[in-house]
Amino acid sequence: MTKQKIILILLIIVCLLTGYYIINDYYKPLFNNNIAKIANKFEDDGKIHIVIDAGHGGYDPGSSNEQLHIYEKDIDRKVVDAIIAIADTNVYKILQTRPNDSGIHRRYRVERATAFKTKLFLSFHCNYLPGGKMNGFEVNISDSTLNEVDSTSYINPNKTINESIANSLLNNMSLGFPNMANRKIRHRLDRIWVLHAPKFPSLIVEWGYINNKNDIAIMQDPVEHQVLARAVWKSINQHFGVVKY
């Protein structure tokens, strides 16, 4: 067998394995038996259930600042810790998708949140753009929802709610971070599972650009984590009509 034929066969095998992984990953049922079994643990306790998701984790570091050797997953974790630390547990019940540096599949995040019967899913990430000149933050939402059975899309029933919460987050974060000049709501067209699959309001907060020198200085500061946490809870309280004095 010639060298060219061997290479061709290897390429075909790689393509077949890649295709199998994509199809198996994409079309497998959203709910599996193990996740469904935990649903009964989350009885109605009179509290508002919210999922706070730290993006990436474990084998998936997310974006990075190579000069400072900083990974997105670590900033996401610290930010979520700060948000959860000041949660009013008399009003809210909080579920973390990953309480440590573990690799959590995006489908598991959705499955867990669905079993938790969450009223809101907030995922925290860092942005990245080559060149490091862009700064600021954005809130990502999706106007469509994915049908897990046949993968067709339809209008997201939470579209209006997502937009309302996104605007609130943008306004409150703008007050806390006036030096982060670029602020916007981004309507995602690509299939981001935590935005596209859920039946509950879901948003991704991209807090600053990890490779921008001004943003990263803010994003590494624990004091600024507290500023973000207060802005997030102000938006959550406004959405649910919780009055805080």
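The values are calculated or read from the model by the stated rules, or taken from the named source; none is laboratory data. Owing to the predicted nature of the structure, the values given are computational and were not obtained by experimental measurement. Note that we place each Cβ from the backbone using ideal geometry, even for glycine, and neighbour counts take in every protein chain shown.
Of all the listed residues (Asn214, Asn179), the sole one being surrounded by fewer than 21 Cβ atoms within 10 Å (Cβ to Cβ), among the polar types (S, T, N, Q) and part of a loop (DSSP other than H, G, I, E, B) is Asn179. Within segment 149-160, is there a residue that is more than 19 Å from Tyr71 (Cβ to Cβ), touching a residue at least 24 places away in the same chain (Cβ under 8 Å) and among the β-branched types (Val, Ile, Thr)? There is no residue in segment 149-160 that is more than 19 Å from Tyr71 (Cβ to Cβ), touching a residue at least 24 places away in the same chain (Cβ under 8 Å) and among the β-branched types (Val, Ile, Thr). Exactly one residue out of Tyr92, Tyr128 is more than 20 Å from Phe200 (Cα to Cα), modelled with pLDDT of 90 or more and of a type in the set (Ser, Thr, Tyr), and it is Tyr128. Taking first residues from segment 119-131 that are on the phi > 0 side of the Ramachandran plot and partners that are in a loop (DSSP other than H, G, I, E, B), the Cβ contacts under 9 Å between residues at least 6 apart in sequence or on separate chains come to Gly131/Asn211.
In segment 187-209 there is no residue that is under 25 Å from Lys78 (Cβ atoms), part of a loop (DSSP other than H, G, I, E, B) and more than 17 Å from the chain's Cα centre (by Cα). Being within 25 Å of Phe240 (Cβ to Cβ), at pLDDT below 95 and of a type in the set (D, E, K, R): is that true of Arg112 here? When the stated conditions are applied, Arg112 passes them.
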